[in-house]
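For reference, the structure discussed in these notes is given below.
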Amino acid sequence: MNIMKTTGALAAGLSLWTLALPVHAQTEAQKSLAGTTIHFLAPSMPQFAALSKFFPEFEKKYGIKIVVDEVPFENYRQKSLVEMQQGTGTYDFFAVDVMWLAEYAAAGFLEPLMPYVKNADLTDADYDIDDFLPRVISGTGVFNDTLFTMPIGAGPVGTTFRTDIAEKAGFKLPERFSPEFTTQYMFDAAKKVNNPESNMIGFANIPGRWFWGVTYLPYLYAFQTPETKGDEYVDKDWKISINNERTIASIDYFTGFKQFMPADSANWGIGEATAVYQTGNAFGTWNYQDFVKGFFEDPDSQAKVAGKNVHLHTPVGPNGVIDPWFGAWSLGLSKDSKNKEATWTFIQWLTSKDIQTRATQYGAGPSRHSTYKSETLAKYQPWWPVVYDFMLKETNPDERIRVPEWAEISDIMGEEGNRVWIGEIDSKTAAANMEKRMTDAMRKGGYYIPGRNDLPKQLWRDLSYYDRLPSKWN
């Protein structure tokens, strides 16, 4: 076997072999794929590092080699788009963030997967697609009723805090989803423990321009009223609706944490904020459920904070609204791959019941009912089972509206919001600028053509769409 070329965190989980490996394929079709090499473009993230530990096992079983190229998260979308647009098939499969699914699928970059799921020659009999949570399958990989990707994990974002620091300050943090954990509570707690003299940041926020579409949005949602839920970006006629007092208040809240942070924090991303927390110099920070194990609870690499944390949801807003966040990464088969059968063989193996459950001990997240209910998950990641009902019934897969224009909308929010952070404009100006620029983006997308009657359905207004049994998608 040729030595594989990999980079970054994934390389740590892969074995570099030069000898031929035995093949234990289960079907004649799978046996015929031995000797194939498949190429994977992945972001540098903890859950991918966890899954990579199982790649050698797959190679040994099927005789299919995996070559991984890893890209930093903030550069991943650009790199993946360039590769997809070129149509060369350099990469057989891609990691797909849910917020880019519509963009990739609408452009025809991804191969529909249900024909592969139903192919008994390539998919193990016990794969059981209906074991996936309905909203995880549909929210992660379905566009226009067609399944394009398979989830490797899906969950909410939240906030992580040091319980020991809170106790020293004389208070106890609430449990996850507690109505006591409000935006005001969170700000007051951060203010109480913030201490520049001892290098303690009350809350390590993430205001870098590229990240607002991930780290700011929970507060945009939290500041809604029960009556305005669903109108965060557009109204029922697709008119941009972001310029209002709720958006202004959420920007002011988000940027209010600047007072606790260093002067050079304007470009902080997830890496910078997490690093400060890991060194013990922040009381709280942002989290994504799939990152908790890798970023906060690894006793080997996070000795200063592991075991001292509480992992909460984002706070309840002033009108009682909690962010219904849905985040997910999945694996998508390139339309231009020359090794589609071998690639699917790997995707179905990596997302199988057995591998998903075993991978949770290293930090991978659950997507299946069986994984959520497993003793392995409860033992190694006890912060996961508590979000099971949320992911079944409350989460909104269309929170970042599933349109090809989302990436541009997200970038507009980031640019204008970051300008508020650095003091260039105020929140009112930012909201007005967002409205104007988002309107231009939607106009270019054809949403305001007179007489057009084929506009997409606003699925976030009736989440029953996402509750279809996974096997029923095209």
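The values are calculated or read from the model by the stated rules, or taken from the named source; none is laboratory data. Remember, predicted model here, so these are calculated numbers, not experimental data. Here the Cβ positions follow ideal geometry from the backbone for every residue, glycine too, while neighbour counts run over all protein chains shown. Just the protein is used for accessible areas: all its heavy atoms, side chains included, with ligands, DNA and RNA removed. Shrake-Rupley method; radii C 1.70, N 1.55, O 1.52, S 1.80 Å.
Of note:
- Reciprocal mean inverse distance between Cα atoms of the range 122-267 - Kirkwood radius, Å: 18.6 Å
- Per-residue SASA entry for residue 373, accessible area with 1.4 Å probe, Å² rounded to 10: 150 Å²
- Spherically averaged projected area of the chain from its Cα convex hull (nm²): 21.8 nm²
- Applying the Karplus relation 6.51 cos²θ - 1.76 cosθ + 1.60 with θ = phi - 60° to the range 265-282 yields 3J(HN,Hα) values of 8, 4, 9, 4, x, 4, x, 5, 5, 5, 4, 5, 5, 5, 7, x, 9, 9 Hz, where x marks Gly and Pro.
- Database remark: amide H of residue 298 closer than 5 angstrom to no amide H (H placed geometrically; neighbours at sequence offset of 5 or more, or on other chains; Pro and chain starts carry no H).
- Working from label points 7 Å from Cα in the Cα-to-Cβ sense, the residue 259 to residue 130 distance is 5.6 nm.
- Cα gyration tensor shape of the range 97-197, rounded if a/c is under 1.5, else prolate or oblate by comparing a/b with b/c: prolate
- The residue 57 and residue 146 beta-carbon pair, evaluated with R₀ = 30 Å, returns a calculated FRET efficiency of approximately 0.45.
- Applied to the range 119-134, the Karplus parametrisation 6.51 cos²θ - 1.76 cosθ + 1.60 on θ = phi - 60° returns per-residue 3J(HN,Hα) values of 8, 5, 6, 10, 10, 4, 4, 9, 4, 6, 4, 6, 7, 6, 4, x Hz, with x for Gly and Pro.
- The range 395-442: Cα Rg divided by the 2.2 N^0.38 Å rule of thumb: 1.23
- Residues whose placed amide H lies under 5 Å from that of residue 110, excluding near-sequence neighbours: 335
- Of all accessible heavy-atom area on the range 242-310, the percent that carbon and sulfur account for (1.4 Å): 50 percent
- Alpha-carbon centroid distance for the pair the range 58-73 / the range 329-393, whole angstrom: 17 Å
- The range 37-88 - percent of accessible surface contributed by carbon and sulfur, probe 1.4 Å: 45 percent
- For the pair residue 338 and residue 428 in one chain, pulling the backbone fully straight at 0.36 nm per residue adds 27.3 nm over the alpha carbon distance.
- Sites residue 235 and residue 267, calculated FRET efficiency, Cβ-Cβ separation with R0 22 Å, nearest 0.05: 0.10
- DSSP beta bridge pairing in the chain, given as percent antiparallel to the nearest 5: 70 percent
- The heavy atoms of residue 296 offer some 0 square angstrom of accessible surface to a 1.4 angstrom probe.
- Given +1 at the Cβ of Lys and Arg, -1 at the Cβ of Asp and Glu and no other charges, the dipole of the chain around its Cα centre is 300 debye to the nearest 20.
- Element breakdown for the range 329-401 at a 1.4 angstrom probe: carbon and sulfur atoms account for 48% of the accessible area.
- Extended-chain gain in nm, criterion 0.36 nm per residue less alpha-carbon gap, residue 440 and residue 168: 92.8 nm
- Under the simplified labelling scheme, the residue 119-residue 32 pair shows an inter-label distance of 1.0 nm, with each label point 7 Å from Cα along Cα→Cβ.
- Modelled label positions at residue 471 and residue 394, each set 7 Å beyond Cα in the direction of Cβ, lie 3.1 nm from each other.
- Mean accessible surface per residue for the chain, computed with a 1.4 Å probe while every protein chain stays in place, in Å²: 39 Å²
- Karplus 3J(HN,Hα) series, Hz, for the range 312-319 with 6.51 cos²θ - 1.76 cosθ + 1.60 (x for Gly, Pro): 9, 6, 5, x, 6, x, x, 10
- Prolate/oblate/rounded label for the range 324-414 (Cα gyration tensor, a/c 1.5): oblate
- Theoretical gain in end-to-end length, residue 354 to residue 448 [0.36 nm per residue, Cα-Cα removed]: 29.0 nm
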